[in-house]
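One structure is given below, encoded as structure tokens.
Laboratory data are not the source of any read-out in this text; all were calculated from the coordinates shown. The model shown is predicted, which means the values in this text are computed figures rather than measured ones. Here the Cβ positions follow ideal geometry from the backbone for every residue, glycine too, while neighbour counts run over all protein chains shown.
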Amino acid sequence: MRCELVAVGTELLLGQVVDTNSVWLAEQLAASGIDCHFHTSVGDNVGRIVDALRIALDRSDAVVVTGGLGPTQDDVTRDAIAEVMGVPLERDEAVLARIRALFEERGREMVVSNERQADVPVGAVVIPQTRGTAPGLICAVGHRVLYAMPGVPHEMMDMAARSVLPDLMERAGTRSTIVSRVVRTWGLAESTLAERVAPRVEALEAAGNPTIAFLAGGVEGIKIRVTAKAESTEAALAVVEAEDAELRAILGSLVFGVDDDTMESAVGALLEDAGLTLGLAESMTGGLVASRLVNVEGSSAWFKGSVVAYDSQVKFDVLHIPEGPVVSEEAAASMAAGAAKVLGADVGLSVTGVAGPAEQEGMPVGTVFFGLHLDGATDVRYRRLPGDRERVRQFATISLLDMLRRRLLDRL
């Protein structure tokens, strides 16, 4: 069973509304073992919707449409579906009575435009509404099937769970599940990572299950999505976990987590397991590192705090670094040791550098020094980071956390 999603709404094309409906539906289809190969967005225009639906029906077994079933003049999905089916619209009196009753229950007057929501293409099966006024539709188009649901998310989700997904699974005739896991990495460019993983990709191409895809994550690293299809969730998960293990064997410490894991949650787990506390000294990041750390649930158990020493004098007076350049290896080392001492932490971490827009102390934009004080020793790393001011600060934040993560892993 090949399925396709078509989201209707000019607001989607203008970027005024994010199409969360298609994201949610894609997840539900995957969990039901139904392949979804295409997502399409189209504006509120009958001709263009008709074109989009015909293209979708030509290449897919089932098409799920969201949006355009409201009462206003630009809600024309019903008209487009009727044209694709080659049938007229017919007012369904039972649907109309349901809409009137809903308005009466809410103590509101129903305007004439709401009557349009009771117009149904001849031959279509109505999906009753339980949360709004626009019913859904199940429409046979030759050997294909087309489903239409409202664009309001909570109405769509209810209707999909009650009618669309069960009907799709029955038509598919088989029960299978698609499971995906995103393996998260930091430290290599996408092309370099792909070269490392190339042997696994080639080994899987013949079998086709599981599959591997690379997802660029910007300042959050490169993600590798592993997807498997099987007769049950347990079986698909077993395939995914086996491939996860293969990737970790190849990539080692480049992998810092999966799915919703973050670099800060990985660091937090390692600190907690080791029974260590952390203190920060931030300059160019201005509190970004601390902000990410406190987003981790339970961070109060291992995070002492951060000295945001943005001004050089604060570095001298509070962290007691020696007078001299503040963008240097020596400054980073002193800041890390100072953070541990001032905050009473087992681990001191520091970052100082030049985010831009201009050079500082003769150092070009993107110059960053990272300091780590642990077990009586202090380590300093230098990096030249790319991008504008914001990207340099974001790259510096995750790079600093990754430095600590790797050091804690080595300590195990």
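State the Cα centre-to-centre distance between the stretch 110-189 and the stretch 46-76 in whole Å. The two parts, judged by their Cα centres, are 12 Å apart.
Loop-located GluC sites (Glu not before Pro) in the stretch 82-127 (DSSP state other than H, G, I, E, B) with a sparse environment of at most 15 neighbouring Cβ atoms within 10 Å: E109.
When each of I55, I321 is scored by the number of other beta-carbon atoms lying within 10 Å, the sequence from fewest to most is I55, I321.
For the chain, the 222 nm mean residue ellipticity estimated from helices alone, with every DSSP H stretch of n ≥ 4 adding -39500 (n - 2.57) and the total spread over all residues, rounds to -12500 deg cm²/dmol. Which whole-angstrom value gives the distance between the alpha carbon centres of the stretch 1-34 and the stretch 292-370? Computed from Cα coordinates, the inter-centre distance equals 44 Å.
Each of T72, T227, T285, T211 was scored by other Cβ atoms within 10 Å of its Cβ. Arranged with the fewest first, they read T72, T211, T227, T285. With a Förster radius of 22 Å applied to the C-beta separation of M157 and A31, the computed FRET efficiency comes to 0.95. The structure shown yields Cα extents along the principal axes in Å, and of the options (1) 74, 71, 45; (2) 76, 48, 44; (3) 83, 54, 37 that calculated value carries the label (3).
FRET efficiency for the pair E390 and V314, taken as 1/(1 + (r/R0)^6) with r the Cβ-Cβ distance and R0 = 30 Å, rounds to 0.85. Within the same chain, lysines fewer than 8 places from K341 are excluded, and of the rest, those with a Cα less than 17 Å from its Cα are K304, K315. Residue order for L247, L14, L293, fewest other beta carbons within 10 angstrom first, comes to L14, L247, L293. Once you sort the root eigenvalues of the Cα gyration tensor of the stretch 157-229 as a ≥ b ≥ c, which label holds: rounded (a/c under 1.5), prolate (a/b larger than b/c) or oblate (the other case)? The shape class here is oblate. A straight chain from S253 to E323 at 0.36 nm per residue would run longer than the Cα-Cα distance by 21.5 nm. Compared with the dominant Cα axis of the chain, that is its longest principal axis, helix 93-105 is turned about 50°.
Applying a DSSP loop filter and a limit of 12 other Cβ atoms within 10 Å to the GluC sites (Glu not before Pro) in the stretch 304-412 leaves E323.
Modelled spin labels at E105 and T192, positioned 7 Å past Cα toward Cβ, are 6.0 nm from each other.
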